[in-house]
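Participant: The structure is given below, and queries will be raised subsequently.
Each reported figure results from applying straightforward, stated rules to the coordinates on display, with no laboratory input. The model shown is predicted, which means the values in this text are computed figures rather than measured ones. We place every Cβ from the backbone using ideal geometry, glycine too, and count neighbours over all the protein chains shown.
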Amino acid sequence: MYERSLEEYRRACKFLPGGVNSPARAFSSVKENPLFIKKAEGSKVYDIDDNEYIDFIGSWGPMLFGHGQEEVVTAVEEQLEKGTSFGAPTIIETEMAQEIVKLVPSIDRVRMVNSGTEATMSALRLARGYTGRDKVIKFTGNYHGHGDSFLIKAGSGPATLGLPDSPGVPGDLAKLTISVPYNNKEYVEKVFTEQGDEIAAVIIEPVAANMGVVPPKDDFLKFLREITAANNSLLIFDEVITGFRLAPGGAQEYYDTEPDLTCLGKIIGGGLPVGAYGGKQEVMDEVAPVGPVYQAGTLSGNPLAMAAGYQMMKLVQKEGIYEELAEKAGQLVEGLNEIQAEVELPLNINQVGSLVSLYFTDQEVIDYETASTADTDLYADYFQGMLQKGIYLAPSQFEAMFISLAHSEEEIQNTIKAAAEVLKELEQTI
Ligand SMILES: *Cc1c(COP(=O)(O)O)cnc(C)c1O
């Protein structure tokens, strides 16, 4: 079934570390070899062995309208005729920025970059430059790209220093990042009491989606808004996943809480490499060339990427799409809940809008510690079973299912049916 993918994977491994250009694509945590994809259309992806799958990865988020969205494709084709990069201002950059400012409540100036990683790295530098402070609070299990300051694991107490989570991250830099449990107000309060005047920023995924999907509890975001303001620290929302996914204005609109800085990626480029960071004019005016905080990019605001992104910004303003997305995801969750009631397996489902996670644990998942109770071997078996039935899920327990507008009701029902069969088989094995 996967012979050609296996062959190509072996060839790729001779030239690329692990055969992939990003580790999340390797299927190592589900004990499989990655599929090589040759094309995608709407809700479907096709591998080089000619298998067809209903795709719930959606390129890890960007494909809110499914693959090959017509307006996006046409806009890119038209731009292609005129040139791919000029290294000079273009009108489409202003138009794109104008839409972002209109849609995202807390943004009145925005800088385009090429990835989510660049957005978070740059936003943190800006927060440090603006506040004149060096420390940052992040939440364990949140992912903010691969910048050095974010690849940090927690020390052993609130006041202790962060440790590198990857070789190559300097220990001295890691000390400036304080990693605290998600949804834990007391912990955040303690850190602010002890070192509030050293904290440049708190950065958070307003809905965590990189340890599976974990919603913020009990006005956690509003709490962070207040405590950062009281300590003259900046609040940074990493909306690389939630931006344009939960609402046109992202999680900040959905939860009615405005950060000082917002990081965007994924959907904003509609499948082309785009990221952005933005916020209030007073803060953004610290960025070069207006201010002294340096940040630049040869391909930033690239016309091909902006052409795609601009169409996405227009499309997310269509009436009723977020209701439709939530309804599709709701149908899926309803189906999964029914299965959960019938099988003797540890299962817990989290959903926010079109983000869904099925955890193989009997604990409610509210942070990294509870997420870590999930049985990853069970997930691997589930993943393989679903793949064989033509359902392409993320190759990890700790990723979201991305529902798109291209998923039909029939496909959602077929996914539920497949899950019921796979989970009932799995029940027999334990
Ligand atoms: C994907 C992701 C990033 C990193 O974006 P890249 O484009 O992969 O560099 C940052 N933050 C969050 C929340 C993400 O999901």
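Participant: Quick one: net charge around Asn348, please, counting Lys, Arg +1 and Asp, Glu -1 for every other residue with C-beta under 9 Å from its C-beta.
Facilitator: Here the count lands on -2.
Participant: Using 0.36 nm times the number of residues separating Lys31 and Asp219, minus their current alpha carbon distance, what extension gain do you get?
Facilitator: Length gained, Lys31 through Asp219: 63.8 nm.
Participant: I would also like to ask the following. Which chymotrypsin sites (Phe, Trp or Tyr not before Pro) from region 1-90 combine a DSSP loop assignment with at most 15 other Cβ atoms within 10 Å?
Facilitator: When the chymotrypsin sites (Phe, Trp or Tyr not before Pro) of region 1-90 are filtered for loop state and at most 15 Cβ neighbours within 10 Å, Phe15, Phe86 remain.
Participant: Determine the sum of side-chain charges near Thr242: Lys and Arg each +1, Asp and Glu each -1, restricted to other residues whose C-beta is under 12 angstrom from that of Thr242.
Facilitator: Net local charge, Thr242 excluded: -2.
Participant: Can you pull out the chymotrypsin sites (Phe, Trp or Tyr not before Pro) in region 252-361 that DSSP calls coil and that have at most 13 other Cβ atoms within 10 Å?
Facilitator: Tyr294
Participant: Order these peptides, 121-127, 369-375, by their mean beta-carbon neighbour count within 10 angstrom, highest first.
Facilitator: Descending packing order for the listed peptides: 121-127, 369-375.
Participant: Holding the Cα-Cα limit at 18 Å, pick out from Lys138/Lys222; Lys138/Lys280; Lys31/Lys266 the pairs that are longer than that.
Facilitator: Lys138/Lys280; Lys31/Lys266
Participant: For the cross-link pairs Lys44/Lys314; Lys153/Lys424; Lys39/Lys389; Lys44/Lys424; Lys82/Lys328, which exceed 27 Å when the distance is taken from alpha carbon to alpha carbon?
Facilitator: Violating the 27 Å Cα-Cα cut-off are Lys153/Lys424; Lys82/Lys328.
Participant: Give me the net charge for the shell around Glu282: Cβ to Cβ below 15 angstrom, other residues only, Lys and Arg +1, Asp and Glu -1.
Facilitator: Net of charged neighbours comes to -2.
Participant: Additional query: Would you mind classifying the chain by shape? Square roots of the alpha carbon gyration tensor eigenvalues, ordered a ≥ b ≥ c; an a/c under 1.5 is rounded, otherwise it is prolate if a/b is larger than b/c and oblate if not.
Facilitator: Since a/c reaches 1.5 but b/c is at least a/b, the shape of the chain is classed as oblate.
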